[in-house]
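Reading through the structure tokens given below for one structure.
All of the numbers you see were taken from the coordinates with simple rules; none came from a lab. Computed from a predicted structure; not experimentally measured. Every residue, glycine among them, receives a Cβ derived from its backbone with ideal geometry; neighbour counts consider all protein chains shown.
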There are 4 protein chains.
Amino acid sequence: MTKFLNLDIEKQDRIINAAIKEFAKKGYKNASTNEIVKEAEISKGLLFHYFKNKKDLFIFLYDLSIELVLDKIFEELDWEDKDIFNRYRQIARLKMQVFKRYPEMFNFMKVIFTEDSIEIKDEIEHKNQEFMNGSYQKMFGDIDFSKFKAGIDIPKALGIISWTMEGFAYKQQERVLQASLDDIDLDEVFMQMDEYLELLKVSFYK
Amino acid sequence: MTKFLNLDIEKQDRIINAAIKEFAKKGYKNASTNEIVKEAEISKGLLFHYFKNKKDLFIFLYDLSIELVLDKIFEELDWEDKDIFNRYRQIARLKMQVFKRYPEMFNFMKVIFTEDSIEIKDEIEHKNQEFMNGSYQKMFGDIDFSKFKAGIDIPKALGIISWTMEGFAYKQQERVLQASLDDIDLDEVFMQMDEYLELLKVSFYK
Amino acid sequence: MTKFLNLDIEKQDRIINAAIKEFAKKGYKNASTNEIVKEAEISKGLLFHYFKNKKDLFIFLYDLSIELVLDKIFEELDWEDKDIFNRYRQIARLKMQVFKRYPEMFNFMKVIFTEDSIEIKDEIEHKNQEFMNGSYQKMFGDIDFSKFKAGIDIPKALGIISWTMEGFAYKQQERVLQASLDDIDLDEVFMQMDEYLELLKVSFYK
Amino acid sequence: MTKFLNLDIEKQDRIINAAIKEFAKKGYKNASTNEIVKEAEISKGLLFHYFKNKKDLFIFLYDLSIELVLDKIFEELDWEDKDIFNRYRQIARLKMQVFKRYPEMFNFMKVIFTEDSIEIKDEIEHKNQEFMNGSYQKMFGDIDFSKFKAGIDIPKALGIISWTMEGFAYKQQERVLQASLDDIDLDEVFMQMDEYLELLKVSFYK
DNA sequence: GATGAATGAGGATTCATTCAT
DNA sequence: CATGAATGAATCCTCATTCAT
């Protein structure tokens, strides 16, 4: 992989974008290395010079995408705000900033979490697990739980909040597949998201 | 399709199980019709005598799975109970009974809702949509909303309940992939599910 | 074959028409026995009960078509007229009467004379040869050659007349593929044909 | 296609000859790409690396064959001789030179003009049409018609000459299928052809 | 006679990966 | 580093023919 990272950035990007786009469009199995090299304007051999096989390439892009989002979050999040609803609110907005910049990555990450292809299933699921465990702790380990009503089963409440955010995000993604990211009124989306968070807040907070 | 349905049940089941297993294991694109006929112990040609192509076979299994679950629900649900939490509780238990009987179908349905393969994406998404619209109405159209607290945004509350059930179910599915359906303590699972429902109930009900 | 000929005429015709239509539309190799039985509304097995294989069926239809045309000619031709140009004129008109009645046979006979499929090539070519030798003699064996100019190589002149008629017929067939038999102005076609014959007549006759 | 044309000539020829031979022997539909790669001693994949599918390969060979013959004619014909019978005489001899060199192409071109396979019919017929229109004009556009008898319908006379040449050529081809090109006494054949031309000449010329 | 389920060799085509240059 | 020709196993699918009923 170091071989690849020593390339000049412009070429790296051409390859990354081509590959992400193809995987996002067709899923792992259907994606064609042929299309990738054509779009990236490199030769067949070169791709396999940098990545030992298709799977390696996919894993590399997986790691890269996760890393990009996490870096954004860890750098720009207001860690002083310990309120879980504000935390989710912020994370959602930071994620969206990344996706606005790398539109193909947005679709690629959907593939990451739904990909069923047998060749990568295990590894991807393992990594998803790892990501959940590791990053969840970092992103939500410092939350102030004192605001929750007494008697509330806090782990379960966290589950509900998390699934609500996921479900809401997924619903928005469906819409984007029909329209495009540009045609979505983001303010409107975030306002709706806030309403869900608000509903959960009055339910769970004192 | 009538051709297939006129077969003796034993052979039908051999083919259905072989196909469902293969699709569940590898997703649409990776699934091999060769493997299916081998497992079902029929000739290559016969599969295509019954189903005009791979896609048709998949769609048939899709419809079959949905139908099996819905039939179970519509026949055995206690429609007198208009409480949404009890409704979800019952549905979950009925679904599980179907899956206990057709273990591969359990995994197949996971594929159904995440499959992205370009060849079937549109048709599957359209069918999922249809299913959601049609069946949701039937399953939840008669719910008694008078128990909800005043001031609660009921559509949003329904969304949260639904996503929570989905999220919980998905989490259980992940566990099954590691263990097997038999090794899971179902009572324990349903007890946990009830706790989530209870938490939402105290939050949303008067 | 006797088995087939003992069938009631209605069923015979259903099978013949279905087969001729399919062969005419797709040529030998591309023609599907499946389509034939579907169109004829008989079972798969029955077709092979009457004809031992696809090739046999084709040969049977070949013989049938030739026979139909020849019978028409031998029965209705005015054998008193020994002029070769009048003979061709009459034959062309009689052929056309057959084709008006069996439009699919018209296209089927085109296939007969152009079919290259390896499985039947030899047999068909041999039969075409046989037909040429045998029937040519019968159709043109009594022609009065005394009207030809002295010094004309009569066999060669006959060749030229024959190829001209063939070439003209083939050109008309091309037109029919674009239009349909009904849309062609037959009087006009025969008038043009007569002009060719007239040109040859002034050239070859005293 | 440029990919293919960059190959060394020896390999190109191995592939072309193998393909032409197979198509000539079996027609379009019956020809097996498997046989072609076996005869050409290349891998299955390579054929489809050069030609995107079987149809493309056929079309390529079609164009190549036509081109070879036309180039020969346009380069070596004596354009000063405006006599139509001499023109035909020359063209026939030049064509035969090409076929002597590529014996398989001789049979392949027969397939070209009789092939009915549904997959290529339209394209081939369109190309045949194009060829007829374009090349006929070039080959016969400068003919001197002043030698024809007054009162002769010249377009019809041209038709007769053309069909006679076609008919004669076709008759010779039939003979080659039984014997081989080497066993034919070409001088004898051309002498016979000249006799036909001579007969037409005394008929149509002053 | 009549059915149509069943066969399986063979069809064209794809594609990740290798390797000589 | 970089190329792209070459591989060949594997893909889905077709179809004439057989045979138990």
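Rg over Rh of segment B:78-186, using C-alpha atoms and the Kirkwood radius, what does it come to? Rg divided by Rh gives 1.00. Treating each Cα of chain B as one equal point scatterer and applying the Debye formula with no solvent, the log10 of I(q)/I(0) at q = 0.17 Å⁻¹ comes out as -1.24.
Near the amide H of B:Tyr205, within less than 5 Å, lie the amide hydrogens of B:Lys149, all on another chain or at least 5 residues away, with H placed in the peptide plane.
Please find the FRET efficiency linking C:Asp183 to D:Asp13, where r is the Cβ-Cβ separation and R0 is fixed at 51 Å, and quote it to the nearest 0.05. It comes to 0.60. For D:Lys95, a cut-off of 18 angstrom between C-alpha atoms picks up these lysines, skipping any fewer than 8 places away in its own chain: D:Lys72, D:Lys110, D:Lys138, D:Lys171. Once the cut-off is 45 Å, how many percent of the Cα-Cα pairs in the protein assembly as shown end up in the long-distance tail? In whole percent, the long-distance tail amounts to 50. Principal-axis analysis of the Cα atoms of chain D puts helix D:54-76 at an angle of about 40° to the longest axis. Look at the stretch C:103-115: the mean tally of other chain Cβ atoms within 10 Å of its residues' Cβ atoms is 1.
Working from the alpha-carbon coordinates of segment D:82-137, get Rg over Rh, Rh being the Kirkwood radius.
Value, to two decimals: 1.05.
In order along segment C:134-148, phi translates into HN-Hα couplings of x, 6, 4, 4, 5, 7, 10, x, 10, 5, 8, 8, 5, 7, 6 Hz, rounded to whole numbers, per the Karplus curve 6.51 cos²θ - 1.76 cosθ + 1.60 with θ = phi - 60° and x for Gly and Pro.
Rounded to the nearest 20 debye, the dipole magnitude of segment D:1-140 is 380 debye, with +1 charges on Lys and Arg beta carbons, -1 on Asp and Glu beta carbons, and the Cα centre as origin.
Could you compute the net charge surrounding C:Glu39? Neighbours are other residues with a C-beta less than 9 Å from the C-beta of C:Glu39; K and R count +1, D and E count -1. Once positives and negatives cancel, what remains is 0.
Working note: Karplus 6.51/-1.76/1.60 with θ = phi - 60° gives segment A:96-103 the couplings 4, 4, 4, 5, 4, 7, 10, x Hz, where Gly and Pro are set to x. In a DSSP loop and with at most 11 other Cβ atoms within 10 Å, the trypsin sites (Lys or Arg not before Pro) in segment D:43-74 are D:Lys52.
For segment B:1-101, applying the loop criterion from DSSP together with a ceiling of 15 other beta carbons within 10 Å to the chymotrypsin sites (Phe, Trp or Tyr not before Pro) yields B:Trp79. Considering only B:Ala18, B:Ala40, B:Ala150, the Gaussian network model of chain B with Cα springs below 10 Å gives its largest mean-square fluctuation to B:Ala150. Taking the convex hull of the alpha carbon positions in segment A:155-206 and averaging its projected area over all directions gives 3.8 nm². Averaged over peptide C:154-167, the number of partner chain Cβ atoms lying within 10 Å of each residue's Cβ comes to 5.
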